[in-house]
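Reading through the structure tokens given below for one structure.
A short reminder: the numbers here are calculations on the coordinates, not readings from a lab. This structure is a prediction, so every number in the text was calculated from the model and none was measured. Virtual Cβ from ideal backbone geometry, glycine too; neighbours counted across all protein chains shown.
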């Protein structure tokens, strides 16, 4: 059995344009002082910053922060997010996805929907067994199932078409 070691690096995306990689060591080295409920003083490389957290969505790891008076939209990616992306589970973020393909080779254990059925975003569609784990494949968007090309009990290859949407 091969062991996968995750790097302890967090990806910070700012305003959807800039990516910063911060290791746990980088984070530990920051000199941070809490000066209010959502306000912090940060000292990095002899430069002082006043940071205020304006909005936060902890579950989605989305934050609006104000640094020295200027607002930034940020998202934080964890080492697990990177592993999921490398394994092929990450979506492209588009809500106009018209089909779902197998993220990895595996066995279809269960299909929870039927052709013509209306589904909601994040609704379970099927269960794919891969690497001795059951992976629930959910709908990337609301819509109607146009065609199901996979069958229960069938082995599928990576990137094989499983479900199409109208």
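Once Rg and Dmax of the Cα atoms in Å is worked out from the coordinates, which option in (i) 20.7, 61; (ii) 18.2, 59; (iii) 14.1, 40 does it equal?
Computed from the coordinates, Rg and Dmax of the Cα atoms in Å corresponds to (i).
Which one of 43, 109, 125 has the biggest mean-square fluctuation once the chain is modelled by GNM with Cα springs under 10 Å?
Among 43, 109, 125, the largest GNM mean-square fluctuation belongs to 43.
Report the extension gain between residue 72 and residue 101 in nm, rounded to one decimal, defined as 0.36 nm multiplied by the number of residues separating them, less their alpha carbon distance. Don't skip to the end; give the middle numbers.
Numbers: separation 29, 0.36 × 29 = 10.44 nm, distance 3.47 nm.
In short, 7.0 nm is gained.
Full-extension gain between residue 80 and residue 136, please, as 0.36 nm times their residue separation minus the C-alpha to C-alpha distance. Don't skip to the end; give the middle numbers.
On the way: separation 56, 0.36 × 56 = 20.16 nm, distance 1.73 nm.
Difference between extended and current length: 18.4 nm.
So what's the back-of-envelope 222 nm ellipticity for the chain, counting only DSSP H runs of four-plus at -39500 (n - 2.57) apiece and dividing by all residues, rounded to 500?
Numbers: 2 runs with 14 residues, N = 166.
Here the helix-only value at 222 nm equals -2000 deg cm²/dmol.
Quick one: length gained pulling residue 47 to residue 31 fully straight, 0.36 nm per residue minus the C-alpha distance? Intermediate values should be presented prior to the final figure.
Working: separation 16, 0.36 × 16 = 5.76 nm, distance 1.04 nm.
Net length gain for the segment: 4.7 nm.
For residue 17 and residue 122, what does the FRET efficiency come to when R0 = 30 Å and r is the distance between their Cβ atoms, rounded to the nearest 0.05?
Values: r = 27 Å, r/R0 = 0.91.
It comes to 0.65.
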